Amino acid sequence: MTSSHSLQEDLFSLGIGVMMLSFAIVILKQAGVLVGGVAGLALLVSQLSGWGFGLLFFAISAPFYLMAWFRMSRAFTLKSLATVGLISWLSELMQNAIAIEGLSPLMAGAIGGVLCGVGLLVLFRHHSSAGGFNVLALYCQERFGLRAGYLLMGLDGLILLATAVFFGVETLMASTLCIVLMNLVLGMNHRPGRYLAQPRLAS
């Protein structure tokens, strides 16, 4: 079953998804917790190098747009590009405007994981994504029937390996909790045939 949304519904819902993901990134970054996918890679490089998250997130996501452009719909690619650009900008803006103190890494991982999962679910159901691994996972779901959330969980295991190398046990546990909760939200709610990333894959 495919879903059809009006332009107003898409804009409103994608805005909600962008805000949820941006706020989740702020929580995770301030607590020193990593998330999965390209956002996790960007957070990892940002914490190790001190570079800004927004630019890293956009730059690492860029190569995946080529895959989306040729293998998925152009509308999906343009929506995802706009979504990632807004998340990159808004997360930096929130980072400078919001300070959260006293939040433990485990609590940040739990809250951030759920927020990321719901935010990504909103994007997926309105034919967009947060770029990177999301594009690959959605393509595999549409082409091969693999659940996007469970595929992302496997890819995110690589992020956890890097976390174990560069950070302590507490960060690893919090990041694992974040990634598992995020992908469980997606795996249980975004199923093949329920909502499609686009009507047809490019031939």
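Only the coordinates and a few stated rules stand behind these numbers; no lab work does. The model shown is predicted, which means the values in this text are computed figures rather than measured ones. Virtual Cβ from ideal backbone geometry, glycine too; neighbours counted across all protein chains shown.
Tabulated data for the structure shown
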{"item": "FRET efficiency, residue 188 to residue 7 (Cβ-Cβ, R0 41 Å, nearest 0.05)", "result": "0.90"}
{"item": "Whole-Å semi-axes of the ellipsoid equivalent to the chain (Cα gyration tensor, √5λ, descending)", "result": "26, 17, 15"}
{"item": "Extended-chain gain in nm, criterion 0.36 nm per residue less alpha-carbon gap, residue 165 and residue 55", "result": "37.2 nm"}
{"item": "Mean residue ellipticity (222 nm) of the chain, computed from DSSP H runs ≥ 4 via -39,500 (n - 2.57), nearest 500", "result": "-26000 deg cm²/dmol"}
{"item": "Between helix 148-166 and the chain: long-axis angle, C-alpha atoms, 0 to 90°, nearest 10", "result": "20"}
{"item": "From phi via Karplus (6.51, -1.76, 1.60), per-residue ³J(HN,Hα) for the stretch 68-73 in Hz, x at Gly/Pro", "result": "5, 5, 8, 10, 10, 6"}
{"item": "Protection-proxy order for peptides 76-87, 112-123, 164-175, 52-63, each taking the mean of Cβ atoms within 10 Å per residue, highest first", "result": "112-123, 76-87, 52-63, 164-175"}
{"item": "The chain: angle of helix 37-49 to the longest principal axis, Cα-based, in degrees nearest 10", "result": "30"}
{"item": "Label-point gap, in nm, between residue 143 and residue 173 - each point 7 angstrom along Cα→Cβ", "result": "4.0"}
{"item": "On Cα atoms only, tilt of 7-31 relative to the major axis of the chain in degrees", "result": "20"}
{"item": "Linear extension gain, residue 30 paired with residue 97, 0.36 nm per residue minus alpha-carbon span", "result": "22.9 nm"}
{"item": "Relative packing of 21-32, 152-163, which averages over residues the other C-beta atoms within 10 Å, highest first", "result": "21-32, 152-163"}
{"item": "Stretchable slack from residue 89 to residue 48, in nm (0.36 nm times residue separation minus alpha-carbon distance)", "result": "12.7 nm"}
{"item": "Computed over the chain: relative contact order in percent, which uses C-alpha pairs under 8 Å that are six or more apart", "result": "34"}
